[in-house]
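The values are calculated or read from the model by the stated rules, or taken from the named source; none is laboratory data. Small disclaimer: the values here were computed from a predicted structure and weren't measured. Virtual Cβ from ideal backbone geometry, glycine too; neighbours counted across all protein chains shown.
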Amino acid sequence: MLFSRWFYYFASVPTLLKGIANWPIAIRMFLGLPVRKPVVIELKNGCRFKVRTGMDVWIIKETCLDRDYERNSVPIKDGWVVIDIGAGLGDFAITVAREHPGSVVYAYEPFPESFTLLQENIELNRVSNVRAFPYAVGKRSETMCLETTTGIAVQHSTARTATSLNPGAVQVPGLSLADIFLNERLSRCDFLKVDCEGAEYDIFLHTDEETLRKIRHVCLEYHDGVTAFSHADLIQFFKENGFQVKIHPSPAHSDLGFLYASR
């Protein structure tokens, strides 16, 4: 795994240089060198993203350049209804919205700092078909505790904390997947993207069959070792609910990977 990890990182350099117009700024951020803020990463496809750290740039590389959420799934088509759970700074939602102006993307991001960045990036890219919501998603609609002690915004999770008294826990509003459909009056979701640091088990294993039948395609990043469940449980769950499933393990981390489920 160590060799695979370093090979993956090394092989990513050409992708960064090829896909990012102002790549010297990205390199400086990865090296921990000072940069003038705010930092805006400009992709050669026209997308622009305000970022905080080198990790934000890496997420953009994986989402917008590697196309991790789409390359082993179906290509998203114009006019589709797309839901983005764990929208972060808006990399996936904004890319989809720009490429498919006839689609609507419902983006959910609970961490206040990231939600503000999401809104700023929506405005920066002048997309009008992203609807952003400051909610976590879980098994029911209720206030949730978001664990933030890692200090890395993209790793904050509602699955790693049990009480609001835990150090670094932030209380955030939450919704169930079923209530997303109910609140937005959605009869279908053509593509559901999920990256929520272990909360994927809580979301799906408590979602009713009626809601699942409204979903055509799912791509999620799974996180083993966070809860008592693993991606094997999700494979079984989706197959039992009529989905065909593919897995793409991370080349860099044995506990991470992508699960693609389609009807």
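Out of region 195-214, which residues are part of a helix (DSSP H, G or I) and surrounded by fewer than 16 Cβ atoms within 10 Å (Cβ to Cβ)?
Once the filter is applied, which keeps residues that are part of a helix (DSSP H, G or I) and surrounded by fewer than 16 Cβ atoms within 10 Å (Cβ to Cβ), region 195-214 yields E209, E210.
Say we look at region 107-125 and pick out the residues that are among the hydroxyl-bearing types (S, T, Y) and within 13 Å of the chain's Cα centre (by Cα); which of these is surrounded by the most Cβ atoms within 10 Å (Cβ to Cβ)? Outline the logic, then answer.
Quick first cut of region 107-125, residues among the hydroxyl-bearing types (S, T, Y) only: 108, 114, 116.
Adding the requirement that they be within 13 Å of the chain's Cα centre (by Cα) leaves 108, 114.
Values: Y108: 25, S114: 21.
Within region 107-125, the match that is surrounded by the most Cβ atoms within 10 Å (Cβ to Cβ) is Y108.
Please name all residue pairs, on different chains or six or more residues apart, with Cβ atoms under 8 Å, provided the first residue is in region 11-38 and is assigned to a helix (DSSP H, G or I) and at pLDDT 90 or above and the second residue is aromatic (F, W, Y) and surrounded by 15 or more Cβ atoms within 10 Å (Cβ to Cβ).
If the second residue must be aromatic (F, W, Y) and surrounded by 15 or more Cβ atoms within 10 Å (Cβ to Cβ), the pairs left are L16/W23; L17/W23.
Could you list, ordered by first residue, the pairs with Cβ atoms under 8 Å in which the first is in region 232-253 and at negative phi and the second is of a type in the set (V, I, T) and in a helix (DSSP H, G or I), at least 6 apart or interchain?
Final answer for the pair search is V245/I235; I247/I235.
The conditions are (1) in a helix (DSSP H, G or I); (2) within 17 Å of the chain's Cα centre (by Cα), and L192 fails exactly one of them. Which is it?
(1)
Among the hydrophobic types (A, V, I, L, M, F, W, C), more than 24 Å from D190 (Cβ to Cβ) and either touching a strand residue (DSSP E or B) at 6+ places or on another chain (Cβ under 8 Å) or in the same structural domain as Q244 (by TED's automatic domain parsing) (or both): which single residue out of F49, F30 fits that description? Spell out how you get there, then give the answer.
On the way: F30 fails: either touching a strand residue (DSSP E or B) at 6+ places or on another chain (Cβ under 8 Å) or in the same structural domain as Q244 (by TED's automatic domain parsing) (or both).
Checking each option against the conditions leaves just F49.
Mind listing whichever residues of region 75-106 are surrounded by fewer than 24 Cβ atoms within 10 Å (Cβ to Cβ) and either in contact with a Gly (Cβ under 6 Å, 6 or more places away or on another chain) or part of a loop (DSSP other than H, G, I, E, B) (or both)?
P75, I76, K77, D78, G79, W80, H100, P101, G102, S103
Report whether or not A21 is surrounded by 11 or more Cβ atoms within 10 Å (Cβ to Cβ) and either touching a strand residue (DSSP E or B) at 6+ places or on another chain (Cβ under 9 Å) or at negative phi (or both).
On the way: surrounded by 11 or more Cβ atoms within 10 Å (Cβ to Cβ): yes; either touching a strand residue (DSSP E or B) at 6+ places or on another chain (Cβ under 9 Å) or at negative phi (or both): yes.
Yes; evaluated as a whole, the condition is true for this residue.
Residues to consider are S164, S114, S141; find the one that is in a loop (DSSP other than H, G, I, E, B) and modelled with pLDDT of 95 or more. Steps first, answer last, please.
Values: S164 fails: modelled with pLDDT of 95 or more; S114 fails: in a loop (DSSP other than H, G, I, E, B).
Result of the check over S164, S114, S141: S141.
Given the criterion crowded, with 18+ Cβ neighbours inside 10 Å and closer than 30 Å to Y9 by Cβ, identify the matching residue among H217, H248. Give the steps one after another, and end with the answer.
Details: H248 fails: crowded, with 18+ Cβ neighbours inside 10 Å.
The conditions single out H217.
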